[in-house]
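Worksheet for the structure shown next.
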Amino acid sequence: MEVLAALLLVALIIPTAMKGISIAVSLASDTVRRQTAVGLAETRLSELIIGRQWQSGTQTGDFGDKHPGYQWQLAVEDRAEAGLSQLNVEVFWEQRGYRRNIILSTLIYVSNK
């Protein structure tokens with residue numbers, strides 16, 4: 001009788017514990033992918049600003065073989081404030097059948113020279 005009770009207890013606990021572990025691993029994977037995307041967006045935004053490539057307007061691309069599956073898009077919006085443009089770099093990727101993304105934005109002063 002005690003053995004049956006122990007087996008029943010194990011049968012109830014193990015699936016719940018495994019589901020908890022699965023959720024924890026999934027969340028860790030999401031966090032790593034999101035941190036990678038933020039780093040890629042920061043780097044790409046810096047490159048676009050330093051090289052003044054943002055002045056060409058909307059652009060898209062990927063990160064090559066070093067970061068497969070990640071893509072980026074630049075959108076440039078003129079602001080109502082004189083001389084300001086907003087740069088939005090979106091990095092997106094597929095994860096578990098869903099499109100995930102982050103958007104990093106900054107304002108750029110554009111002189112009228």
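Below, the figures for the structure above:
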{"quantity": "Qualifying residue in segment 19-34 (condition: at pLDDT below 90, over 15 Å from the mean Cα position of the chain (by Cα), among the basic types (Lys, Arg) and not in a loop (DSSP other than H, G, I, E, B))", "calculated": "yes"}
{"quantity": "Residues of segment 52-89 classified as out of contact with any Leu (no Cβ under 7 Å at 6 or more places or on another chain) and touching a residue at least 40 places away in the same chain (Cβ under 8 Å), total", "calculated": "0"}
{"quantity": "Candidate set: segment 1-57, residues that are closer than 21 Å to residue 67 by Cα and among the hydroxyl-bearing types (Ser, Thr, Tyr); chosen: the one surrounded by the fewest Cβ atoms within 10 Å (Cβ to Cβ)", "calculated": "31"}
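The values are calculated or read from the model by the stated rules, or taken from the named source; none is laboratory data. Not measured: the values here are computed from a predicted model. No Cβ is skipped: glycine too gets one built from the backbone with ideal geometry, and neighbour counts run over all protein chains shown.
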